[in-house]
Every structure is written in structure tokens, then in C-alpha cells.
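Report on one structure; see the data block that follows.
The values are calculated or read from the model by the stated rules, or taken from the named source; none is laboratory data. Please read these numbers as outputs of a predicted model, since none were measured by experiment. Here the Cβ is made from the backbone with ideal geometry for all residues, glycine too, and neighbour counts use every protein chain on show. Surface accessibility is based on the protein's heavy atoms, side chains included, excluding ligands, DNA and RNA. Shrake-Rupley method; radii C 1.70, N 1.55, O 1.52, S 1.80 Å.
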Amino acid sequence: MKPSQLQSTEYASYYGNYIAQVTDEYTLIEELEISLHRFIKFVQDIPMDKFDYRYAEGKWTIKDIIQHIIDAERIFSYRALRFARNDKAELPGFEENEYVIEANGNQRSIMELLTELSSVRHATLLLFKSFNEEQLCRIGIASNNPMSVRAIGFVIIGHQNHHQKIFEERYL
């Protein structure tokens, strides 16, 4: 399955930007794996003095953003699990700014963050590999909006790609 196969009814419009950041070159499962390696290599090439840099007052550092990517992936994966298991409960959103403050990503080493990101992604990858086609197409409600399991997978990838692009444009 590729992002172009998604219907616009499978996700809230504000997720369209993330999904658009994923090409049709690979399947969802392939891209979950490839994008992790691409991102880690990209981050490892960032000069050490940039990890604590803020391009403006009140903006997150690269470490904060990597922690944010980890937290968001955990939340999205949880939603995917619930929806795939046909859980009908509506799931709440989360306040990303509050999470970043509480996560203290800036206090962690870049190696620690990348190791955690890798572990989380491997868990996500195994989770998505366990879903059959019917489960991938299931839709649940999160943040008051419908979302399919497969759309969640592409949002995870697109969210990471979005932040990598921000690193390139505003931090490096």
C-alpha cells in the first residue's frame, strides 16, 4: 500500500501535509523502515553544536524535536493499535507543546534519543506488519476526526519527514 491509495476520508485535512511528504516509491512497511535509517543518518551528520540551537526565542531545539517525534509516534501507534483491534472508543488529542516541556529532550544525549527513536520505530514496524488488510483499512476517531490505521502509518513517516525538512530549512 502506498500513500496515493488513501482516500481523503481516511484522515483529517490537516494531516494531508504530512501524507504529502511521503512518496509512492515504497510501500508503507518499506518506508517505515527506510525512513528511519534515512533520518538517523541525516541526524548523525548534523554538527554537534546545532543540537541545542534554537532559531528563535521559544522554538524547540533539534533534541526537543526528536523527542517530539518519538512521543508522537508512540501516540500514533497506540491509536493504530486501538483502531486495528476494532476499538470504537474516541481517542483524545494531545498537547504537543506541553509534552515537549515535560519530556526534557534537551537534557538527553543525541545518541540516547536516536536509540529510543530506533526502538520505537522497530516496535511500530512490527505492529504494522501484524495488521492484515482489513485492519489497515479500519477507521477510528482521534482528536474528533476519523482516521484509518493505514493513514496513521503514513502520518508517522510524513511527520518525521516534515521535521527533517524544518531542520534543513531553519536549523542548518
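Please give the helices (runs of 4 or more DSSP H) falling wholly within the range 1-112 in which 2 or more residues are open to solvent by less than 90 Å² (accessible area, probe 1.4 Å) and more than 17 Å from HIS159 (Cα to Cα).
Values: elements: 16-19, 28-44, 62-84, 96-103.
Ranges flagged: 62-84.
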Residue under question is ARG74, and the condition is that it be charged (D, E, K, R) and under 22 Å from LYS165 (Cα atoms); does it hold? yes
Write out, first by first residue and then by second, each pair whose Cβ atoms fall under 6 Å of each other, whose residues are 6+ apart or on separate chains, and whose first residue, in the range 1-20, is more than 18 Å from PHE76 (Cα to Cα) and small (Gly, Ala, Ser) while the second is open to solvent by 50 Å² or more (accessible area, probe 1.4 Å) and outside any helix (DSSP H, G or I). SER4/ASP24
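Condition check ((1) farther than 17 Å from GLU33 by Cα; (2) touching a Leu at 6+ places or on another chain (Cβ under 6 Å); (3) modelled with pLDDT under 95) across all residues:
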| residue | (1), (2), (3) |
| --- | --- |
| LEU117 | no, no, no |
| VAL120 | no, no, no |
| LEU125 | no, yes, no |
| GLY140 | yes, no, no |
| ARG150 | no, yes, no |
| GLU168 | yes, no, no |
If we scan the range 137-150, do we find a residue that is farther than 21 Å from TYR15 by Cβ and either of a type outside the set (D, E, K, R) or without any contact (Cβ under 8 Å) to a residue 60 or more places away in the chain (or both)? no
